[in-house]
Every structure is written in C-alpha cells, then in structure tokens.
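Below you'll find the structure, written out as structure tokens, and then a few comments.
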Amino acid sequence: MVMEYITHTWHWAISGFLIGLIMLTLIYFGKAFGMSSNLRSLCAMTGVGKKIPFFDWDWKSQRWNLAVVFGAMIGGYVAIHFLNDASNVTLNPKTVEQLAAMNIDAPNGKVLPDALFGNQIFQSPKMILILIVGGILIGFGSRYAGGCTSGHAISGMSNLQLPSLKAVIGFFVGGLIMAHFILPLLF
Amino acid sequence: MKLFKFILVGFVFGIVLTKAEAVSWYRIYEMFQFQSFHMFGIIMVAIATGVIGIQLIKRKQLKDVEGNPIVIQDKEKGTTQYLIGGLLFGLGWAMVGSCPGPIFILLGSGFLSVGLVLFGAVFGTFLYGLIKDKLPH
C-alpha cells in the first residue's frame, strides 16, 4: 500500500513541496540551491583556470555541491531501479499522438524515449550531435544567465528576484521555440 | 563527515525529481506543449514553498545550522544576460529535456547516452568562460 504510493508518479503538489523543502534545507545548511555551478566546478577541476580567469576559482569551496550531485546520482539510481512502476509517465494522449507523428516512442513507464536516449543512438551521428548540442546550449546558457532551473526558477523566484524572473521568461521563450518550431524539423 | 549531510540531501533530491518525473524528457515536452499541468504545478508549489520559507527566515532572522545569520545573496542586476542566457538555456532544456540537476540524476540512473549531454554541458560552460568578456551582459 505505502509502496504503491512511492512507486506511482508523485503528485505535483507533493513533489513541488519537497523540492521547496530541499532548497530551504540547503539554505539552512548555509548554502544555496543551484545545480549548474557544478558544471563550472568540473571545468575548474581540470586546471583550465590558469588560462581562463573565469575558471580560476576555488572549486574546493564548492565540494559540498558536488556531494549533493553525487547523492542525487545515487537517488536517481535507486528511484529508477527499485521504485519504478509500469504506470509511470502517463502523458496526455494528445502528446503521445504528437510524439508518434515524430517517430518518438510512447513512455509506457519509461522516463526517457528510446528514440533519443536508447543505446542505438551511439550509431547515429545525428542523434549524438543533438544530445551534445543540447548540452552545449544548457551549459552555455545557464552560465550566461548565471543559473538554471534550480538557481533561478526555484531559488531566485522564491527570493522574489527580478533578474531570475527575466531568466525564467528566457527559459520558457527558448523552450517554446524549440518544442514548437525546431524539434518538429529535427524529427 | 561534513559532506555526508549534503550527499543525503542530494539523495532525496534525486529520488524526488525522478518520482516527480521532472527528469523525464516526455514531461518537459508535454509542459512546453501546454498539454499537462504536472510540471507547472511542481514549479509553482516549489516556488510557493520557497517564498514562505524565505519570508520566515528573513522575518524571524533565523540562523543556519552553524549558528550564523542566514544571508541570501541578491542576484546581480541586469537584463541582457538573463534574457539571452535564459533563451539559450531554454532551447537546450526543451531539446534534450533535462536541466543540469536531471543530467546528473539520469546519468546516475544508468542512462549512458545522457553522458553526451553532460559532455556538451561542461563544454558549453567552458565556451562561456572562454568568450565571456566579448558577450553583452
């Protein structure tokens, strides 16, 4: 019974509340909730800061955030391998129809479509390029904007920051352009 | 083990984002098609919880776990960097359906292909650092 609640899709109200609490917990620990700065840490760790001043920063002071990421990876592993259910990711039937028109497989309990993330994509230069370019946009854009969904949409908006509202407007304009005009050209 | 409590917070974060399906490419696509309230609900409730929590922290001048006053830094003022950076981020977010948190969570879950997204994201961060001074902010 309890297990059923855990393995089914968590209600948005419960999920949102818990994400808010996670952000507040990090504030209580004297830190801030923001995931994209870990990407900067990963760059700084390579020692590239000797040549590029932006990466000449004390990433060791950010080790706590890498610990959060490490925990998140284990959490993801546990959730995907032990807490999943065939009922997961039940989409709007209209969405499934639209995806089928682009030859993207329906979820049927999976969190990611095989068409984009299945291991066969390693044989497709087009798909490899799509995933890398998407990643570049995420990395470049989040650093340019000084934060991502966690740093701006959740942390910044919770602290009523106007710059974060501007960033979130940018997130959605970019997302809408991609989802409505560019993805249909790619698939 | 000063870092243990952060690993624990991350662990919970990984489970919550996965079970909320916020790590799902499908959910992000569905959100941008306005075909479900799910993701909007998550983001709005998270912000509402955060607003109430931060107001409590500020009004009661609460202290952090080590007894220091809690100071939440304001974001730097500006417009261009937020709109253009945000737009580029949004394009990537809808393209591969994950933001930085989920990239790590999905990789930990065993989706090898997400490694390509992480590679791109680190490279994109590097590119920004490289040409930062030439960009309008």
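The values are calculated or read from the model by the stated rules, or taken from the named source; none is laboratory data. Remember, it's a predicted structure, so these values are computed and weren't measured experimentally. Don't worry about glycine lacking a Cβ; one is built from the backbone with ideal geometry, like all the others, and counts go over all protein chains shown. SASA here: full protein model, heavy atoms, side chains in, ligands and nucleic acids out. Shrake-Rupley method; radii C 1.70, N 1.55, O 1.52, S 1.80 Å.
Here is how the numbers come out for the structure above:
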item	result
Highest-first arrangement of A:62-73, A:88-99, where packing means the average Cβ count within 10 Å	A:62-73, A:88-99
Whether chain B is rounded, prolate or oblate, judged on the alpha carbon gyration tensor where a/c under 1.5 counts as rounded	rounded
CD proxy at 222 nm, helix term only [per DSSP H run n ≥ 4: -39500 (n - 2.57); per residue of chain A; nearest 500]	-17500 deg cm²/dmol
Charge context of A:Val96, other residues only, Cβ under 13 angstrom, K/R +1, D/E -1	0
Sorted peptide list for A:115-128, B:120-133, B:95-108, A:172-185, criterion being average Cβ within 10 angstrom, highest first	B:95-108, B:120-133, A:172-185, A:115-128
Accessible area buried at the B-A interface, both sides summed, 1.4 Å probe (Å², nearest 100)	10200
Relative contact order (percent, whole number), the stretch A:1-131, Cα cutoff 8 Å, 6+ residue spacing	18
Residues of chain B: accessible area per residue with a 1.4 Å probe, Å²	44
Helix-only mean residue ellipticity at 222 nm for chain B, each DSSP H run of n ≥ 4 adding -39500 (n - 2.57), per residue, nearest 500	-22000 deg cm²/dmol
Given A:Lys60/B:Lys75; A:Lys60/B:Lys60; A:Lys60/B:Lys5, the pairs whose alpha carbons are separated by over 24 Å	A:Lys60/B:Lys60
Accessible solvent surface per residue of the stretch A:1-122, calculated while the other protein chains remain in place, 1.4 angstrom probe, Å²	50
Vicinal HN-Hα couplings computed from phi for the stretch A:24-38 (Karplus, 6.51 cos²θ - 1.76 cosθ + 1.60; Hz; Gly/Pro x)	5, 4, 5, 5, 4, 7, x, 10, 9, 8, x, 8, 6, 5, 5
Inter-chain shielding of A:27-35 (mean C-beta neighbours from other protein chains, 10 Å cut-off)	6
Mean Cα-pair separation over length for the stretch B:23-126, i.e. relative contact order, pairs under 8 Å, 6 or more apart, %	34
Pairwise centroid distance, computed over Cα atoms, of the stretch A:49-94 with the stretch B:1-30, Å	7
Whether the stretch A:48-187 is rounded, prolate or oblate, judged on the alpha carbon gyration tensor where a/c under 1.5 counts as rounded	prolate
Accessible carbon and sulfur surface of the protein assembly as shown relative to its total accessible area, %, 1.4 Å	67
